[in-house]
1. If you check S78 against the conditions, is it modelled with pLDDT under 95 and within 17 Å of the chain's Cα centre (by Cα)?
2. I'm trying to understand the selection: among the residues of region 118-154, which are under 30 Å from F177 (Cβ atoms) and either of a type in the set (K, R) or modelled with pLDDT under 95 (or both)?
3. Which number in (1) at pLDDT 95 or above; (2) acidic (D, E); (3) open to solvent by 30 Å² or more (accessible area, probe 1.4 Å) marks the one condition that D161 misses?
4. Tell me whether region 177-186 contains one or more residues that are on the phi < 0 side of the Ramachandran plot, at pLDDT below 95 and either touching a strand residue (DSSP E or B) at 6+ places or on another chain (Cβ under 9 Å) or hydroxyl-bearing (S, T, Y) (or both).
5. From the set of residues in region 15-37 that are of a type outside the set (A, V, I, L, M) and in contact with a strand residue (DSSP E or B) (Cβ under 6 Å, 6 or more places away or on another chain), which is modelled with the lowest pLDDT?
6. Please count how many residues of region 26-50 are surrounded by fewer than 17 Cβ atoms within 10 Å (Cβ to Cβ) and not in a loop (DSSP other than H, G, I, E, B).
7. Pick from R124, R142, R137: which is open to solvent by 30 Å² or more (accessible area, probe 1.4 Å), out of contact with any Asp or Glu (no Cβ under 9 Å at 6 or more places or on another chain) and over 26 Å from L206 (Cβ atoms)?
8. Can you find, within region 58-86, the residue that is nearest to A185 (Cα to Cα) among those that are outside any strand (DSSP E or B) and open to solvent by 50 Å² or more (accessible area, probe 1.4 Å)?
Amino acid sequence: MILSPVLMGAEQVPLWQRDDAHPASGALAAAAGYLAFEREKDDLYPGLRAPVPDGYADWLVRTASAMLGQDPAFLRGSFAVASDDPARLAPIQRIPHFDDCSDSIVAAVHYLCAAPHGGTSFYRHRATGFERINAERLPLWRQALSRDSQRYGLPPKSYHDGDSPAFERIGQALLAFNRLILYPANCLHAGDVGPFWHMAATGPRLTITSLLACEAGRFSARVHP
C-alpha cells in the first residue's frame, strides 16, 4: 500500500513512516550485538557503523517501494550507533545537515532502539529559508554558514535539539522500535540524540541508516533554488 507522506515546512518536505516495519526486528537488533562496529573514514556521522546483514537491502527496497509507489535502488546502508561525546563534536556535527544534495536520493532510518533515545527532527535555516540543500543552493548554503558563525559564534557543544538562533524545527519523527522513516536526503535534519549518547540502560541508539536512488527529480523541492 502506498503511504501518503506528512509534508513539512514551506517547501513541503515529505516524510514517510511505517511502524512494525520488519517482520524479525528483534533478531535484526540482536544481530548487531555480534558485529564489530567501527568508525568509517571521512564520515561525519557521530558514532560507529557496521554492515547490514544479508537480505536487508532486498527487504528495504521492497518495503520502500510499497511506501513510495516506485522501485528504488539500494545505494548503501549500515547499522549505526550515535555514541560520540558531544563535547568532542566538530562544529559542523552540531547543526542540522543533509545527506546528499541530489533530488533523486531518499534517506531511510530504521529505529532499532527504544526510549529514552530520540528520533529525528527536520529544520529550516532561518537566514536563507532553506529546508533542503540542492546543488544550486550549495554555494549559498556554505556562505550562509560562514555568516552564521560570525553572527552567533560556534554552535554549543551539544547535539542539536529543537529551535536555535540559526535553525527552526519544522517537523519531527518520534522514535519507536521497528519504525522506518523515509525522507529526501537533501533536507536539513538532525538526530534527536540529546543527552543519551552514552550507553543508556536500554542500550545504545541503534539504527540502520540507508540511501536509496529514486526516479530523477521525483522528490525535488517545490520551490525555486
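1. Numbers: modelled with pLDDT under 95: no; within 17 Å of the chain's Cα centre (by Cα): yes.
In short, no.
2. Looking only at region 118-154, we keep the residues that are under 30 Å from F177 (Cβ atoms), and these are 118-124, 131-132.
Selection gives G118, R124, R132.
3. Result: D161 fails condition (1) only.
4. no
5. F37
6. 5
7. Working: R124 fails: out of contact with any Asp or Glu (no Cβ under 9 Å at 6 or more places or on another chain); R137 fails: open to solvent by 30 Å² or more (accessible area, probe 1.4 Å).
None of the other options fit; the residue is R142.
8. Looking only at region 58-86, we keep the residues that are outside any strand (DSSP E or B), and these are 58-72, 83-86.
Keeping just the survivors that are open to solvent by 50 Å² or more (accessible area, probe 1.4 Å) gives 58, 62, 71, 85.
Details: D58: 20, R62: 19, D71: 17, D85: 25 Å.
If we take residues in region 58-86 being outside any strand (DSSP E or B) and open to solvent by 50 Å² or more (accessible area, probe 1.4 Å), then D71 is nearest to A185 (Cα to Cα).
The values are calculated or read from the model by the stated rules, or taken from the named source; none is laboratory data. This one's a predicted model, so the numbers in the text were calculated from it and none came from an experiment. FYI the Cβ positions are ideal-geometry reconstructions off the backbone, even for glycines, and counts take in every protein chain you see. SASA here: full protein model, heavy atoms, side chains in, ligands and nucleic acids out. Shrake-Rupley method; radii C 1.70, N 1.55, O 1.52, S 1.80 Å.
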